[in-house]
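Working notes, beginning with the structure itself.
Values quoted throughout were computed directly from the atomic coordinates according to the rules given, and no laboratory measurement underlies them. Predicted, not measured: the structure shown is a model, and the values here were computed from it. Backbone-built Cβ (ideal geometry, glycine too); neighbour counts: all protein chains shown.
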Amino acid sequence: MEINKKIESLISENDVCLFMKGTPDAPQCGFSMAVSNVLKHLNINFKGINVLEDENLRQGIKDYSDWPTIPQLYVKKEFIGGCDIIKEMFEKGELKKLFEQKKII
């Protein structure tokens, strides 16, 4: 229960929140690096949350979203998806449109 409050707080305080392995400057898995690079390419200001620092958070975010993998991207409190979804949305131009609709860019 406590971890859900922490997750909700992180998602509420940051318009673009990426739960990832490692940090945006030093990703510790290829999938986290890929999503981080897509966001950087689009010049999106985002908060990277390193789930490797907290096992409760690592499992908690999976339970919270009902999504089995990391990374996980949230935009304005909405779960967008993991690496494959983000890459596909980026390639189709949908991710940029989403950020425009949400008034991020």
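The table that follows gives values for the structure above.
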quantity: Residue within the stretch 50-73 that is over 12 Å from the mean Cα position of the chain (by Cα), crowded, with 18+ Cβ neighbours inside 10 Å and among the small types (Gly, Ala, Ser) present; calculated: yes
quantity: Some residue of the stretch 20-33 being of a type in the set (Val, Ile, Thr) and in contact with a Leu (Cβ under 9 Å, 6 or more places away or on another chain); calculated: no
quantity: Boolean, residue 39 is more than 28 Å from residue 101 (Cβ to Cβ), outside any loop (DSSP other than H, G, I, E, B) and without any contact (Cβ under 8 Å) to a residue 60 or more places away in the chain; calculated: no
quantity: Which numbered condition residue 12 misses (of (1) touching a residue at least 60 places away in the same chain (Cβ under 8 Å); (2) within 11 Å of the chain's Cα centre (by Cα)); calculated: (2)
quantity: Extreme residue, farthest from residue 17 (Cα to Cα), among residues of the stretch 59-105 that are among the basic types (Lys, Arg) and assigned to a loop (DSSP other than H, G, I, E, B); calculated: 92
quantity: Hey, residue 82 surrounded by fewer than 17 Cβ atoms within 10 Å (Cβ to Cβ) and of a type in the set (Gly, Ala, Ser) or not; calculated: no
quantity: The stretch 1-34, residues that are among the aliphatic types (A, V, I, L, M) and in contact with a Lys or Arg (Cβ under 8 Å, 6 or more places away or on another chain); calculated: 10, 11, 16, 18, 34
